[in-house]
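Asks: The structure follows.
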Amino acid sequence: MGGLRPLGLALCVLLAAPGCTYLTHRAEDAADMVDLGLTFTSTAQFTAYKACTPVFAIGGGKVEGRFLGLGGGQIGWMPLYHEGTGLALWGQQKIAFGKFDKNDPATLNYQRSGPLGMKNAPVAGPEYMLCCVQHLHLGWVGIVVNVRWLQMADFLAGWFGADFCHDDGTPRGSWTRWPENEESPAPAKSGDKT
């Protein structure tokens, strides 16, 4: 999201508004609403994937390369990672733009789709919770067109002071309670043997 900060600051200077932080957050929220751009790889890679999370996903593939456009709340030329598998009633996807480590789930946007995929699925935060993900990459070039519905609602609500994705001023949104926290071992009580 740092890629939009200069845009928000420029709006503040142009409008001479006292709420510079407010306008910066609105610019960041606007950038979160869609991912739109081209993908490039130095080796031949393939993906044909479409998901309307959480309803269904179809197709599959994996692309690790570069992205030119608006992605993950950033504008520009940046690293991209997409891995998706969709079997209609079950699907899962991993998406990342900019800075990420594909081996560190905390840096990826991971989501499951479909009635079978959503059963016992972890909640991966608001980034791609309700969205339509469309990746097509054939060989060395591809296109990404993702519409992020929950982020659109967050953008509209932001004008009225609400931030239900908890992403104002942070690189990634979160909610107050994550399933990982529920699954983590409880602290040992006095007298417990570990």
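Asks: Taking the options Ile58, Ile95, name whichever one is of a type in the set (Val, Ile, Thr) and closer than 28 Å to Phe164 by Cβ.
Replies: None of the other options fit; the residue is Ile95.
Asks: Collect the residues in the range 72-86 that are over 7 Å from Phe97 (Cα atoms) and under 12 Å from the mean Cα position of the chain (by Cα), keeping them in residue-number order.
Replies: Hits for the range 72-86 are Gly73, Gln74, His82.
Asks: Could you tell me whether any residue of the range 83-92 is touching a residue at least 60 places away in the same chain (Cβ under 8 Å) and not acidic (Asp, Glu)?
Replies: No, the range 83-92 contains no residue that is touching a residue at least 60 places away in the same chain (Cβ under 8 Å) and not acidic (Asp, Glu).
Asks: Tell me yes or no: at least one residue of the range 70-91 is outside any strand (DSSP E or B) and either touching a Pro at 6+ places or on another chain (Cβ under 6 Å) or more than 30 Å from Leu156 (Cα to Cα) (or both).
Replies: There is at least one residue in the range 70-91 that is outside any strand (DSSP E or B) and either touching a Pro at 6+ places or on another chain (Cβ under 6 Å) or more than 30 Å from Leu156 (Cα to Cα) (or both).
Asks: Does Pro126 fit the bill of being closer than 15 Å to Val34 by Cα and at pLDDT below 80?
Replies: It is true that Pro126 is closer than 15 Å to Val34 by Cα and at pLDDT below 80.
Asks: From the list Gln92, Gln74, Gln111, which residue is buried (at least 17 other Cβ atoms within 10 Å of the Cβ) and in contact with a Lys or Arg (Cβ under 6 Å, 6 or more places away or on another chain)?
Replies: Gln92
Asks: Still on this model: Search the range 23-47 for residues that are surrounded by fewer than 18 Cβ atoms within 10 Å (Cβ to Cβ) and at pLDDT 95 or above and pair each with any residue that is part of a strand (DSSP E or B) and among the hydroxyl-bearing types (Ser, Thr, Tyr) when their beta-carbon atoms are under 8 Å apart and the residues are at least 6 apart or on different chains.
Replies: Qualifying pairs under 8 Å: none.
Asks: Is there a residue being at pLDDT 60 or above and surrounded by fewer than 18 Cβ atoms within 10 Å (Cβ to Cβ) anywhere in the range 179-191?
Replies: no
Asks: Which residue pairs have Cβ atoms closer than 6 Å, lie 6 or more positions apart in sequence or on different chains, and pair a first residue in the range 147-171 that is closer than 14 Å to Gly73 by Cβ with a second residue that is modelled with pLDDT under 90 and of a type in the set (A, V, I, L, M)?
Replies: So the pair list comes out as Leu150/Met129; Leu150/Leu130; Pro171/Met1.
The values are calculated or read from the model by the stated rules, or taken from the named source; none is laboratory data. Predicted, not measured: the structure shown is a model, and the values here were computed from it. With ideal geometry, Cβ positions are generated from the backbone for all residues, glycine too; neighbour counts draw on all protein chains shown.
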